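Here is the structure we will look at.
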Amino acid sequence: MATSFNIEQAVEKHVATIASAGSLLPDDAKELASHLIDSVMMLAKQGLTEEEAFMVATKRLGTQQQLVREYEKVNPSVKVNRIWVHFIFGFVALTGLWWLGKAILTFVYGSALRSGDVTQFSLSLVAAIHLTLCFAIGLLVYHKRAIAAYLQRKLQRRPLLMLVNAALLMVVASSVQNAVQLNTKKDVIFIALYEFINPYVEFTFYLLLFMLFIGLVSMFFTVKNPENATLKRVFSRPSIWFLLVAGFATELLAASTRVLPPHNAALIAGLYFGAVYFVGAFAISYYNRTGTIKYLFWYGILGLAIEISVGIQADLSRLNDGYSIMTPYFVIGLLVGLAGGYLGGRFFNYRLSGRDLLNTA
Amino acid sequence: MYVCGVMKEVGKDLIASSLAPMVLMILKRQESYGYELIQHLKEKSGGHLDVAEGTLYPVLKKMEAKKWIEAEWKKADNGRERKYYKITGKGMKELDSQIGQWTFVYDLMQQLWQPHLTLNKQ
């Protein structure tokens, strides 16, 4: 027979595909392969070519889905092992990423500080790196679904390789961090705040922390909804928990605008502060036609509470030191930001639906 | 027993619960391997046993875990290895018990069928 069909190879490949879902033990795979070969031999005796016999035999064996489902019932340890692999991989990979981020920052800070005199250029570079990292985290969050699917697939096929890769990431990141030792004993994450006395470096660093927070939160809030995080999906019909967490994140970001110049200009500080809330409120109002006021209440309540409680204390000490009070500006900024966002979101939302009505009429 | 019409296919649930005693019955006579077991079942059923062949193996694993059967890899005449199964003492007892249960259900069904027959005759 002048055929290039190799029955042993074909059987091995087919069984490997079934086993790749991860519910078969090596012994199970060997048994299925032995069955397929017996089946092919018998069918070939009845007059089929080996290739035809192989097709019939695999059809009779059952689909991958069928077999995996049945084997999973009798090999529960395989399932448990897989959960552990996911768990350990997640831990190692996230630690590795965290260390990698720290290694990059260590390198950048180290380079900027080494020259002795910190130049304007190196300061802008540090701020730009902060923004780039923010963008990278944003991309990861946005493509979360594709990344998760990719990792899932890889973890099913090559769990050990993936664990080794994640561990390698950890080792490389940690050795980079050690290689570019900084003169200071402070942890790298505080250097942006204490070594460069620059509002933009500080603010972009806060922005980075904010994005990290968003990234972490996104992992929890999308457990049940593993789709890509579009603005619409994030903001339409939000849960109260989401609004509280988003409100807290907004408060952190809004509060960090205080480092931006000009300093001691309460009105402008209040404006920046309100602008952050405006953006959030706008998004919530834009994507929700009903229940908006309730959503905005839960979104702003934590920030308002923090501003009033912490703000009044801070104001008292400001008064003692002879500075002017700030809290009213922030509270008013917050409320005006929420109201402005509400009106803006409503306005555009209304116009959009109006056009929709015209189109359908 | 009265059989109405031609039996087309045995339902999945029924197969799932009857596969174990049928395998035990075959293994009571002689030790065997998966492919042979399936061929045997298919032959006897006249092709009415429509089951994905591969799903027999998880059933065998379950029976092995319950110690009703024992498995051993052996070299066949053609030099290739096959996993042979044989029934254990525990499996013999289990078979007796399951046959008892099946007979009970069968008898019960036959008795329940009678009124239907008499109604038809009237």
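The values are calculated or read from the model by the stated rules, or taken from the named source; none is laboratory data. None of the values given here were measured: they were computed from a predicted structure. Note that we place each Cβ from the backbone using ideal geometry, even for glycine, and neighbour counts take in every protein chain shown.
Restricting to segment B:24-55, count the residues that are in contact with a Phe, Trp or Tyr (Cβ under 9 Å, 6 or more places away or on another chain) and of a type in the set (A, V, I, L, M).
Adding up the residues that qualify gives 3.
I'm trying to understand the selection: among the residues of segment A:129-151, which are surrounded by fewer than 16 Cβ atoms within 10 Å (Cβ to Cβ) and in contact (Cβ under 8 Å) with a residue 12 or more places away in the chain?
Passing the criteria: A:L131, A:G138, A:L140, A:Y142, A:H143, A:R145, A:A146, A:A148.
I need the full set of residues from segment A:50-67 which are more than 9 Å from chain B (Cβ to nearest Cβ) and among the small types (G, A, S), in order please.
If the condition is that a residue be more than 9 Å from chain B (Cβ to nearest Cβ) and among the small types (G, A, S), then A:A53 is the only one that fits.
Can you name the residue in segment A:289-310 that is surrounded by 20 or more Cβ atoms within 10 Å (Cβ to Cβ) and in contact with a Pro (Cβ under 9 Å, 6 or more places away or on another chain) and, of all such residues, is farthest from A:A249 (Cα to Cα)?
Across segment A:289-310, the extreme among qualifying residues is A:Y295.
Pick from B:G79, B:G100: which is surrounded by fewer than 17 Cβ atoms within 10 Å (Cβ to Cβ), out of contact with any strand residue (DSSP E or B) (no Cβ under 8 Å at 6 or more places or on another chain) and part of a loop (DSSP other than H, G, I, E, B)? Quick ask: steps written out before the conclusion?
Working: B:G100 fails: part of a loop (DSSP other than H, G, I, E, B).
Matching residue, one of B:G79, B:G100: B:G79.
Go through B:A71, B:A52 for me and flag whichever is within 14 Å of chain A (Cβ to nearest Cβ) and modelled with pLDDT under 90.
B:A52
Assess whether A:I83 counts as being surrounded by fewer than 18 Cβ atoms within 10 Å (Cβ to Cβ), out of contact with any Leu (no Cβ under 8 Å at 6 or more places or on another chain), of a type outside the set (S, T, Y) and in the same structural domain as A:A149 (by TED's automatic domain parsing). Don't jump to the end; show me each part of the working.
Numbers: surrounded by fewer than 18 Cβ atoms within 10 Å (Cβ to Cβ): yes; out of contact with any Leu (no Cβ under 8 Å at 6 or more places or on another chain): yes; of a type outside the set (S, T, Y): yes; in the same structural domain as A:A149 (by TED's automatic domain parsing): yes.
So A:I83 passes the test.
Tell me whether segment A:18-34 contains one or more residues that are modelled with pLDDT of 90 or more and more than 9 Å from chain B (Cβ to nearest Cβ). Outline the logic, then answer.
The first filter runs over segment A:18-34 and keeps only residues modelled with pLDDT of 90 or more, leaving A:27-34.
Restricting the remaining residues to those that are more than 9 Å from chain B (Cβ to nearest Cβ) gives A:29, A:33.
So far as segment A:18-34 goes, yes, one or more of its residues are modelled with pLDDT of 90 or more and more than 9 Å from chain B (Cβ to nearest Cβ).
Identify the single condition in (1) farther than 22 Å from A:G333 by Cβ; (2) surrounded by fewer than 20 Cβ atoms within 10 Å (Cβ to Cβ) that A:V201 does not satisfy, given that it satisfies every other one.
Of everything listed in (1) farther than 22 Å from A:G333 by Cβ; (2) surrounded by fewer than 20 Cβ atoms within 10 Å (Cβ to Cβ), A:V201 misses just condition (2).
Does A:I7 qualify as being within 14 Å of another protein chain (Cβ to nearest Cβ), touching a Phe, Trp or Tyr at 6+ places or on another chain (Cβ under 7 Å) and either surrounded by 13 or more Cβ atoms within 10 Å (Cβ to Cβ) or of a type outside the set (A, V, I, L, M) (or both)?
Working: within 14 Å of another protein chain (Cβ to nearest Cβ): yes; touching a Phe, Trp or Tyr at 6+ places or on another chain (Cβ under 7 Å): yes; either surrounded by 13 or more Cβ atoms within 10 Å (Cβ to Cβ) or of a type outside the set (A, V, I, L, M) (or both): yes.
Taking the combined requirement at face value, the residue satisfies it.
Going by what's in this entry, would A:L169 be described as surrounded by fewer than 16 Cβ atoms within 10 Å (Cβ to Cβ) and either over 23 Å from A:A16 (Cα atoms) or in contact with a His (Cβ under 9 Å, 6 or more places away or on another chain) (or both)? Quick ask: steps written out before the conclusion?
On the way: surrounded by fewer than 16 Cβ atoms within 10 Å (Cβ to Cβ): no; either over 23 Å from A:A16 (Cα atoms) or in contact with a His (Cβ under 9 Å, 6 or more places away or on another chain) (or both): yes.
So A:L169 does not fit the description; no.
Considering segment B:22-76 alone, what residues qualify as being assigned to a helix (DSSP H, G or I), among the small types (G, A, S) and surrounded by fewer than 19 Cβ atoms within 10 Å (Cβ to Cβ)?
If the condition is that a residue be assigned to a helix (DSSP H, G or I), among the small types (G, A, S) and surrounded by fewer than 19 Cβ atoms within 10 Å (Cβ to Cβ), then B:A65 is the only one that fits.
What tally of residues in segment A:37-49 results from selecting those that are more than 9 Å from chain B (Cβ to nearest Cβ) and on the phi < 0 side of the Ramachandran plot?
Initially, segment A:37-49 is screened for residues more than 9 Å from chain B (Cβ to nearest Cβ), giving A:40, A:43-49.
Next cut, on the phi < 0 side of the Ramachandran plot only: A:40, A:43-46, A:48-49.
Final tally of qualifying residues: 7.
So, in segment B:8-42, how many residues would count as being more than 14 Å from every other protein chain (Cβ to nearest Cβ) and among the hydrophobic types (A, V, I, L, M, F, W, C)?
Matching residues across segment B:8-42 total 8.
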